[in-house]
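Trainee: Take this structure first; my questions come after.
Quick note: the coordinates plus some simple rules give every number you see, no bench work behind them. Everything numeric in this text was worked out from a predicted model, so none of it was measured. Reconstructed Cβ throughout: ideal geometry from the backbone, glycine too, with neighbour counts over all protein chains shown.
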Amino acid sequence: MNRLDQLATLLRFPSISAQKEHARDVSDCADWLVDKLSGMGFEAVAHKTHRHPVVVGRSPREEGRPTVLIYGHYDVQPVDPVELWESDPFEPEVRDGKIYARGATDNKGQLFAHILGVEELQRQNGGHLPVNVIFLLEGEEEVGSGSLSLFLKEHRDELACDVIVVSDTGMAAPDTPTFSYGLRGLAGAEIIVKGPSADLHSGVFGGAVANPVTALAEIIASFHDSEGRVAVRGFYDGVESIATWERSMWATVPGMSNEELAKLTGVDTVVTEAGFTGAECIYARPTLELNGIGGGYQGEGSKTIIPSRAFAKISCRLVPGQDPERIESLLEEHVKTHTPRGVSVEFKREHSGRAYVCDPNSEFGLAAQQALEEAFGRKPVLVREGGSIPIIEEMKNVLGADALMLGMCLPDARIHSPNENFSVELFTKGIEMSQILLRRLGQIKR
């Protein structure tokens, strides 16, 4: 079976971790990965957890060689709205040089490029590898990595490694290799504003009873000032300044000028925190975003009511120097302070994680940069990822190893959206890059 056919088989598993009806599909996907790694001569096991399996695959250990842990996740996001897909999200289809399916880029395609890279490197070297390899593949990344967090602590010795390799981040452009040396952290919450015990007639009670939707709008309006800064007291305490070399580097990243970002996202202009470019805001500034809002009548025509409740879902992307629990506490205090009379508020904390940053010019970091340059034929750009992979910081704390984040996700890959896709050319490049990287890491003496 060729490379693409194998990837297509992996993509056909509807391994949606957030939906209970797909629990068996997640488990079946884990079993398939175990079979694949076992067929490569790895000692592979799908460890059961309280939710979804953690797959661990280990190459035969050879003394004196660095140990590289390759992390990825095989669970995927829900496919809704399914009617916007141009093809079945779990029946992969190749069009215009891209393979379309849920999980194509996030993260099955990227993790499978590493698996095939290792397999081909073994074949070239009579079954041997220049490093010891551990694959750590989880089925809960899209729902907060709850099981992996506990698994790391329980299996610390088994997972001991010198460096971690991750391909679950982005590339600035198709021909621009990108080394991400940082990730923003995350703090999420849901605000529920409660008013009357039931929906009320807006004519009979309007003007006498506080409207939860109006109250929610007031709370949301208090989150930012006129310059785009988060107005929550203490929010920026401890936030580190952007280094001069970072600002210079990011000003040259293809596709990341304010004008290019506006074109990419389909807006007239980017709106940033005062004093920062769009790239700087994405890579290294904290944010507070409204992810969803609801309340009152949503159907066709009108229904004249005062709703009994309203809700908003928010997420904060955090940078080094910010503690997620403290940010959630500050946010809760802010919401309570700005809640109008006549309503009550329930503040529900969601999953969170710290920001991560490492030295891109460490011995391992330089090896990664060299591997990217050799695979793509040009020097990589160095960025911090705007998104979050909270488990990476935890892996650093538990295992004591830094993560080399070498993403192959393009800006138009539509991850988490209908018509997710992965460039076939980048899939092939990823397989090649993985082999080059392991060779270079094998040259580092430990």
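Trainee: As a test of the definition: which semi-axes, in Å, follow for the chain when you take the square root of five times each eigenvalue of its alpha carbon gyration tensor? Largest first, please.
Mentor: Here the semi-axes work out to 41, 25, 21 Å.
Trainee: Among Glu83, Glu190, Glu346, which one moves the most in a GNM of the chain with springs linking Cα atoms closer than 10 Å?
Mentor: Its mean-square fluctuation being the largest, the pick is Glu83.
Trainee: A further question on this structure: Please name whichever of Trp250, Gly266, Gly292 sits farthest to the positive end of the charge dipole of the stretch 245-302, dipole taken about the Cα centre and charges placed at Cβ: Lys and Arg +1, Asp and Glu -1.
Mentor: Trp250
Trainee: Here is a further query. Would you mind telling me the antiparallel percentage of the DSSP bridges in the chain, rounded to 5? Write out the running numbers ahead of the final one.
Mentor: On the way: 49 of 70 bridges.
About 70 percent, rounded to the nearest 5.
Trainee: Now, a different point. Which order results if Cys316, Cys29 are arranged by neighbouring Cβ count within 10 Å, fewest first? Don't skip to the end; give the middle numbers.
Mentor: Values: Cys316 25, Cys29 28.
Listing Cys316, Cys29 from fewest to most nearby Cβ atoms yields Cys316, Cys29.
Trainee: DSSP loop (so not H, G, I, E, B), at most 15 other Cβ within 10 Å: list which GluC sites (Glu not before Pro) in the stretch 41-75 pass both filters.
Mentor: On the way: sites: Glu43, Glu62, Glu63; in loops: Glu62, Glu63.
Taking the stretch 41-75 and a limit of 15 other Cβ atoms within 10 Å, the loop GluC sites (Glu not before Pro) found are Glu62, Glu63.
Trainee: Treating the beta-carbon of each Lys and Arg as +1 and of each Asp and Glu as -1, no other charges, what is the dipole magnitude of the stretch 169-268 about its Cα centre, to the nearest 20 debye?
Mentor: Values: 6 positive and 12 negative charges, 43 e Å.
That gives a dipole near 200 debye.
Trainee: Using each residue's phi in the stretch 270-287, evaluate 6.51 cos²θ - 1.76 cosθ + 1.60 at θ = phi - 60° and report the 3J(HN,Hα) Karplus result to the nearest Hz, with x for Gly and Pro.
Mentor: 3J(HN,Hα) across the stretch 270-287, in whole Hz: 7, 10, 10, 4, 4, x, 10, 7, x, 4, 5, 5, 6, 7, 8, 10, x, 9.
Trainee: Here's another thing I want to ask about it. Quick one: helix 212-221 against the long Cα principal axis of the chain, what's the angle to the nearest 10°, folded into 0 to 90?
Mentor: 60 degrees
Trainee: While we're here: How big is the charge dipole of the stretch 156-212 about its Cα centre, in debye rounded to the nearest 20, if each Lys and Arg gets +1 on its Cβ and each Asp and Glu gets -1 on its Cβ? Intermediate results must be reported in sequence, preceding the final value.
Mentor: Working: 3 positive and 7 negative charges, 83 e Å.
That gives the stretch 156-212 a dipole magnitude of about 400 debye.
Trainee: Additional query: Can you put Val76, Val335 in order of Cβ neighbours within 10 angstrom, beginning with the fewest? Can you show the working numbers first?
Mentor: Values: Val76 32, Val335 23.
Fewest to most other Cβ atoms nearby, the residues stand as Val335, Val76.
Trainee: Let me ask something additional. Relative to the longest principal axis of the chain, what angle (0 to 90°, nearest 10) does the C-alpha long axis of helix 363-376 take?
Mentor: That works out to roughly 80 degrees.
Trainee: Give me the distance in nm between label points sitting 7 Å out from Cα along the Cα-to-Cβ direction at Lys48 and Glu425, one decimal.
Mentor: Between Lys48 and Glu425, the label points sit 4.7 nm apart.
Trainee: Separate question: Using +1 at the Cβ of each Lys and Arg and -1 at the Cβ of each Asp and Glu in the chain, identify which of Tyr283, Ser59, His334 lies farthest towards the dipole's positive end.
Mentor: Result: His334, furthest along the dipole toward the positive end.
Trainee: Simple spin-label model, 7 Å along Cα-to-Cβ: Ser248 to Glu63 in nm?
Mentor: So the two model labels end up 4.7 nm from each other.
Trainee: Would you work out the charge dipole size for the chain about its Cα centre, treating the Cβ of every Lys and Arg as +1 and the Cβ of every Asp and Glu as -1, and quote it to the nearest 20 debye? Working shown, then result.
Mentor: Details: 44 positive and 64 negative charges, 111 e Å.
In debye, rounded to 20, the chain gives about 540.
Trainee: Considering the options Ala160, Gly207, Ala113, tell which one lies farthest towards the positive end of the dipole of the stretch 111-256, charges being +1 on Lys and Arg and -1 on Asp and Glu at the Cβ, about the Cα centre.
Mentor: Selected residue: Gly207.
Trainee: Another question about this same structure. Tell me, how many Å apart are the Cα centres for the stretch 1-36 and for the stretch 358-408?
Mentor: Distance between centres, Cα-based: 27 Å.
Trainee: If R₀ is 41 angstrom, what is the calculated FRET efficiency for the pair Ala173 and Lys336, using the beta carbon separation as r and rounding to 0.05?
Mentor: Details: r = 45 Å, r/R0 = 1.09.
Result of the calculation: an efficiency of 0.40.
Trainee: Taking the Cβ of each residue in Lys348, Lys445 as the centre, tally the other Cβ atoms inside 10 Å and list the residues starting with the fewest.
Mentor: Working: Lys348 12, Lys445 8.
Ordered by Cβ neighbours within 10 Å, fewest first: Lys445, Lys348.
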